[in-house]
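Trainee: I'd like to ask some things about the structure below.
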Amino acid sequence: MGFDGAAIDYDRFMGRYSTLLSAPFADFAGVRAGQRVLDVGCGPGALTGELVARVGASSVAGVDPSASYVASARERFPDVRVETASAGDLPFDDAEFDAALAQLVVHFLADPVHDLREMARVTRPGGIIAACTWDHAGGTSPLSRFWDVLSAHDPDAPREAHLPGTRAGQLSEYLRDAGLDDIVETVLTVHVLHPTFEDWWTPYLRGAGPIGAYIESLDETGRSALERALRAEMPAAPFEISGSAWAARGTVAPSH
């Protein structure tokens, strides 16, 4: 999916949105001092930093399947335990955490219910499992403007609206099927001001995520044509990009 590149590429591309999402997501999950918290699919650490600020580095752990992201997160947060692992096979004992959070991860899970159940395994009964995903299906993600232009420019180009968790109610359904109780779903929205077109566009060229993989597959002529189409459709700079994410949380049942 194009996610094993340098952490700085992610930071410039999606990190500018996901970092702003971290505080409201942690609020929604009820993360507070005194808890031990797991960041599942931590990437370079957009959410990790927020969790460290709230509960302290020694009370945070993270996992990610990308070795380069794990290396970056370890460098940024040397006192946080960060492991190379998938969401479906967590290297922790049962009931180790008070909360387990997955920020912008469910989109890319092959079996979200299985992986959320695994998150519940390592979280104590009564603890919180929370996940959030961009609203790609509803057209309000920070990438939606790009996908709209791309679809008109290249009708055969891939989209992300089919990914897990991108529709209203999907995250709640996954949590319910994973055995969680007291499920609540909401929408979280962030806003980023881009001073120039280049500030918005250049990070798309650096190969992060499915969009980066698609752009890298184009030749120079194809990339130039896409850029011209985007310049024609985007508002005059400076412009603001808003991004909304579905967020859902549930409580781990005593049977876990």
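Trainee: Whether any residue in the stretch 59-68 is within 30 Å of Glu227 (Cβ to Cβ) and in a helix (DSSP H, G or I) is what I want to check.
Mentor: Yes, the stretch 59-68 contains a residue that is within 30 Å of Glu227 (Cβ to Cβ) and in a helix (DSSP H, G or I).
Trainee: Could you tell me which residue of the stretch 46-64 is surrounded by the most Cβ atoms within 10 Å (Cβ to Cβ), considering only residues that are modelled with pLDDT of 95 or more and under 19 Å from His107 (Cβ atoms)?
Mentor: Leu47
Trainee: Could I ask something else about it? If Asp39 passes every condition in (1) of a type outside the set (Ser, Thr, Tyr); (2) under 28 Å from Pro254 (Cβ atoms); (3) surrounded by fewer than 19 Cβ atoms within 10 Å (Cβ to Cβ) but one, which one does it miss?
Mentor: (3)
Trainee: Looking only at the stretch 231-256, count how many residues are closer than 29 Å to Ala26 by Cβ and in a loop (DSSP other than H, G, I, E, B).
Mentor: 6
Trainee: Something else about it: From Ala73, Ala87, Ala33, which residue is part of a loop (DSSP other than H, G, I, E, B), in contact with a strand residue (DSSP E or B) (Cβ under 6 Å, 6 or more places away or on another chain) and among the aliphatic types (A, V, I, L, M)?
Mentor: So the residue among Ala73, Ala87, Ala33 that is part of a loop (DSSP other than H, G, I, E, B), in contact with a strand residue (DSSP E or B) (Cβ under 6 Å, 6 or more places away or on another chain) and among the aliphatic types (A, V, I, L, M) is Ala87.
Trainee: Do we have Tyr17 as open to solvent by less than 50 Å² (accessible area, probe 1.4 Å), among the hydroxyl-bearing types (Ser, Thr, Tyr) and in contact with a strand residue (DSSP E or B) (Cβ under 7 Å, 6 or more places away or on another chain) here?
Mentor: yes
The values are calculated or read from the model by the stated rules, or taken from the named source; none is laboratory data. Predicted, not measured: the structure shown is a model, and the values here were computed from it. With ideal geometry, Cβ positions are generated from the backbone for all residues, glycine too; neighbour counts draw on all protein chains shown. With ligands, DNA and RNA removed, areas are computed over all heavy atoms of the protein, side chains included. Shrake-Rupley method; radii C 1.70, N 1.55, O 1.52, S 1.80 Å.
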